[in-house]
Structure formats: structure tokens, C-alpha cells
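Below is one structure, written out as C-alpha cells; the observations come after it.
The values are calculated or read from the model by the stated rules, or taken from the named source; none is laboratory data. Fair warning: this is a prediction, and the values are worked out from it, not measured in the lab. In this analysis, Cβ positions are derived from the backbone assuming ideal geometry, glycine residues included, and neighbour counts consider all displayed protein chains. Note: areas computed on protein heavy atoms with side chains; ligands, DNA, RNA excluded. Shrake-Rupley method; radii C 1.70, N 1.55, O 1.52, S 1.80 Å.
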Amino acid sequence: MTTTNSPPFRAVLWRLNVVLVSAMSLPMLVLYAMSSLGPFITQDLHIHPGLLGYVIFSSFAVAALLSLVAGRYVDRLGSRNALLLLFLVVALAFSLIGFTSQFSGLMSAAALCGVAQALANPVTNLLIAQQVPPKQKAFTVGLKQSGVQVAALFAGLILPTLASILGWRNAVVIIVPLCLLLAVTSTTVTPNTHTPKDNALPLTAPNQRLSLLMGVQFCVGVSLSAFVIFVPLFAHHLGMAKPLAGLLIAGFGAMGILSRILLTSISAKMREEAVLLAILIAVAALAVLLTTHATPSRYWPIWCGVIGMGLTAVATNAIAMGMLIRDPTLGALTTASGFVSVAFFGGFAVGAPIFGAIINSSLGYGVGWKLLCSILLLGCFIASLLIVARHRATRAKSQTI
């Protein structure tokens with residue numbers, strides 16, 4: 001660890017990484033749980049599949065709104081208290097999911113997860129800035145961002161099987177003791193003392209480059225939320241068995257872990273990370289387009305689409321967070337992290353319910369997938385504008401030196 005009163009960094013590195021990965025994965029687990037358990041939940045509660053989009057809306061709408069101020073509160077609370085709050089809120093949310101018998105209970109629990117989602121990036125970014133040596137920051141950012149996909153892997157591999165044996169409510173309750181254990185563990189890897197920062201000043205509007213990065217993340221968030229929630233239901237609609245449909249999310253998660261760890265380190269060595277963002281988003285659009293070619297007798301386009309999205313779109317948020325840590329001109333770290341999270345979570349909030357409304361109508365899945373392709377291409381265009389803006393800023397800086 002970097003503080004003088006702490007044990008050597010190597011001795012506690014594994015605990016630090018576990019806490020960072022868990023702080024990113026557990027708040028997002030509600031998304032992947034609703035996805036992998038979607039066929040179980042809709043059948044048990046007798047609701048239309050499209051309504052699951054509103055569960056996701058309640059979670060990410062709260063996350064988006066709170067992300068405007070989450071960075072400030074993390075600065076005031078410090079990494080230790082913020083992590084404790086995060087894990088305890090997730091424990092409460094999954095307790096509610098486990099004991100609810102109403103659709104409104106799912107909405108309320110998802111909203112609670114939104115509080116933790118808003119805290120996740122600012123507090124983990126702050127902890128990395130405090131505790132991780134400069135040479136290891138890029139890898140650690142990629143590792144902790146892969147926590148989101150660890151949630152997908154767990155939800156796809158474990159939850160459908162547990163739901164088949166124990167019921168879907170009991171399957172999610174096992175998350176609660178894990179959250180409580182992590183709340184205790186987090187106290188061993190965070191600074192002993194904290195001096196609250198005075199963040200009483202009004203929020204400063206994001207600059208042009210940060211605004212463009214937010215636009216990119218909004219487009220990715222829209223597409224990811226709709227894709228992740230509805231691709232298992234789409235597969236089940238075509239005749240795929242429930243456990244196999246759940247494995248789609250596991251495959252998505254596995255590819256996401258790989259892409260976030262590898263591509264974040266690669267992007268840190270690039271002169272312009274936004275180039276990689278544009279490429280990844282363009283490939284993601286092709287992956288979604290490929291998904292539209294699936295039929296009841298041909299599932300491979302779905303698997304290819306899932307793998308493609310996991311290897312590309314998933315990595316973009318990790319790359320964006322790495323950009324914030326390395327480039328102070330984008331804004332103060334916790335505040336800029338909050339702004340990017342607002343955009344990303346805002347995209348998640350609107351993507352799933354819009355897609356749900358489309359499949360509830362006569363338009364069906366085909367129109368929904370094509371809409372996601374269009375949104376991803378828009379994100380690619382915005383990433384291109386970001387490349388130009390950062391190049392101009394770099395050139396202007398060099399001319400003034």
C-alpha cells in the first residue's frame with residue numbers, strides 16, 4: 001500500500017483487488033440477474049417480458065441522477081465510508097428482491113441498487129488514486145472495471161441453475177451475506193483517516209471533451225442495457241431453453257472480463273484512446289446486426305452477437321474511466337467520473353424500457369436490434385468528434401509552450 005502506516009502493498013493487493021472488483025460487480029448484478037432470471041421472473045409474476053425494462057429504468061435512473069453529486073459525497077465520506085455504504089445498500093436491495101412477491105418490490109430494490117451504482121466508479125477511482133502505484137493503475141482500472149462482467153458471468157452461470165433448484169428468490173438471497181462480508185473486508189484496504197473535502201461550490205459544467213465522452217458513453221449505455229436484458233428473452237422466444245439462454249449472459253460476461261483487462265492496458269499505451277473507442281463501438285454495431293439473423297433453427301448469430309458485444313462495447317466504459325484518471329484536463333477525477341457515470345447510467349435507464357416498448361408493439365425484435373445498431377453508429381460518430389477535439393486541444397497546448 002502507498003500509506004506509511006499500512007502493510008506492504010503486495011501483502012494486501014489481493015484484498016484490494018477483491019474489494020474493487022466487488023464494488024463494481026455487486027451494484028450491477030441487478031441488471032444481469034434480471035436478464036438471466038428473466039424467463040423465471042416473468043413466468044412467476046405473470047408479467048410481460050417488456051416490463052423488465054422498467055425495472056432497469058428504476059435502477060439506472062436513480063444512478064444517473066445521483067451520479068451528479070456522487071463524486072462530491074465520496075470526497076466528503078472518504079473511500080472507507082463510501083464503500084461501507086455501497087455494500088450495505090446492495091445487501092438491503094437483494095434482501096428486498098428475495099422477499100418480494102410484487103413487481104413493485106423489484107422496482108424498489110432496483111432503485112436501491114442505483115444508489116450503489118452511483119457510488120461505484122467515484123469511490124473505486126478514488127481508492128485506486130490513493131492506494132495503487134502509478135505503474136499499476138492502468139491494469140487495476142481494467143481489473144476493477146471487469147467486475148461488472150464478473151457479475152454477468154456469475155448471473156449467467158450460477159443464478160439460472162440455482163433458480164431451477166431453489167427458486168429465483170432464494171437464488172438471489174445468497175448475495176446478501178457476501179455483501180456483508182465485503183463491507184467488513186473493505187475496512188482493511190482503505191485509509192485509516194480521511195479529511196473531508198469542502199465541495200460546497202456549484203457543479204461546474206463539463207468541458208467540450210468531457211461532454212463528448214459523455215455522449216459516447218450514453219450511446220453505449222442505451223445499447224448495452226437493451227441488449228443484455230433482452231437477448232436471453234429473444235433467444236427463449238426463438239425456442240432456446242432457459243438455462244442455455246442464461247449461459248448467453250455468462251458468455252457475455254467472460255468476454256467482457258477479457259476485453260476490459262486487455263483493452264484498458266492497451267488503451268493506456270495509446271497516444272489517443274478515443275480512436276480505440278470509435279473502433280470498438282463500430283464493431284459492436286456489427287455484432288448487434290449479426291444478432292438479427294438468428295432463427296429458431298439457427299442460434300449461432302446470437303452467440304456471435306453476444307461475444308462481439310462482450311469483446312467491444314463492454315470495454316469502452318473501462319477505457320473512458322482510464323482516460324479520466326490519466327487526463328486531468330477532462331476535470332477533477334471524482335466529479336468527472338460522476339459526469340461520465342450520469343451519461344452511462346442515463347443510457348442504461350432509457351435503453352431497456354424503449355426496447356421493451358418496441359417488442360411489446362407490432363414492431364418486434366427486428367426493429368429493436370436495428371435501432372441499437374443506429375445508436376451505436378451515432379456513438380462512433382461522437383467518438384470521432386472527441387478524437388478531433390482532443391487533437392486540437394493538444395495542438396493548442398503545444399503552441400502555447
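For the chain, modelled as a GNM whose springs connect Cα atoms under 10 angstrom apart, the maximal fluctuation among 38, 239, 156 occurs at 239.
Hey, what number do you get for the chain at 222 nm if only DSSP H runs of n ≥ 4 count, each worth -39500 (n - 2.57), divided across all residues, to the nearest 500?
Values: 16 runs with 329 residues, N = 401.
After summing the helix terms and dividing by residue count, I get -28500 deg cm²/dmol.
Counting only protein chain heavy atoms and rolling a 1.4 Å probe, the accessible areas of 231, 115 rank, largest first, as 115, 231.
The range 92-148 and the range 280-330 have Cα centres spaced 21 Å apart. Measuring between alpha carbons in the structure, the pairs from 137/269; 135/269; 269/370 lying more than 22 angstrom apart are 269/370. Estimated at the nearest 10 Å², the accessible area of residue 48 is 90 Å² with a 1.4 Å probe. In the chain the Cα-Cα distances spread across 10 Å bins starting at 0 as 5, 25, 35, 24, 9, 2, 0 percent of all pairs. The alpha carbon centroids of the range 336-401 and the range 155-169 are separated by 33 Å. Using the 1.4 Å probe convention, the accessible area of the chain works out to 39 Å² per residue with neighbouring protein chains retained. For 32, 365, the ranking by accessible surface with the largest value first comes to 365, 32, using a 1.4 Å probe. When peptides 215-228, 314-327, 76-89 are ranked by their average number of other Cβ atoms within 10 Å per residue, the highest-first order is 215-228, 314-327, 76-89. Working from label points 7 Å from Cα in the Cα-to-Cβ sense, the residue 178 to residue 68 distance is 3.3 nm. Using each residue's phi in the range 316-322, evaluate 6.51 cos²θ - 1.76 cosθ + 1.60 at θ = phi - 60° and report the 3J(HN,Hα) Karplus result to the nearest Hz, with x for Gly and Pro. My calculation for the range 316-322 gives 5, 5, 5, 5, 4, 5, x Hz in order. The label-point distance for residue 270 and residue 43, in a model that sets each label 7 Å from Cα toward Cβ, rounds to 4.3 nm.
For residue 387, the accessible area of its heavy atoms, probed at 1.4 Å with every protein chain present, is near 40 square angstrom. Can you give the FRET efficiency for residue 204 and residue 326, using 1/(1 + (r/R0)^6), R0 = 25 Å, r = Cβ-Cβ distance, to the nearest 0.05? The computed FRET efficiency comes out at 0.80. Among residues other than residue 119 with Cβ under 14 Å from its Cβ, the summed charge is +3 (Lys and Arg +1, Asp and Glu -1).
Ranked from largest to smallest solvent-accessible area, with a 1.4 Å probe on the protein heavy atoms, 293, 46 come out as 46, 293.
What FRET efficiency comes out for residue 392 versus residue 295 if R0 is 30 angstrom and r is the Cβ-Cβ distance? Round to the nearest 0.05. Using R0 = 30 Å, I get an efficiency of 0.05. Peptides 161-174, 267-280 ranked from most to least packed, by the mean per-residue count of other Cβ atoms within 10 Å: 267-280, 161-174. The length gained on full extension between residue 304 and residue 139, counted as 0.36 nm times the residue separation minus their Cα-Cα distance, comes to 56.7 nm. Using a probe radius of 1.4 angstrom, the carbon and sulfur fraction of the accessible surface of the chain is 69%.
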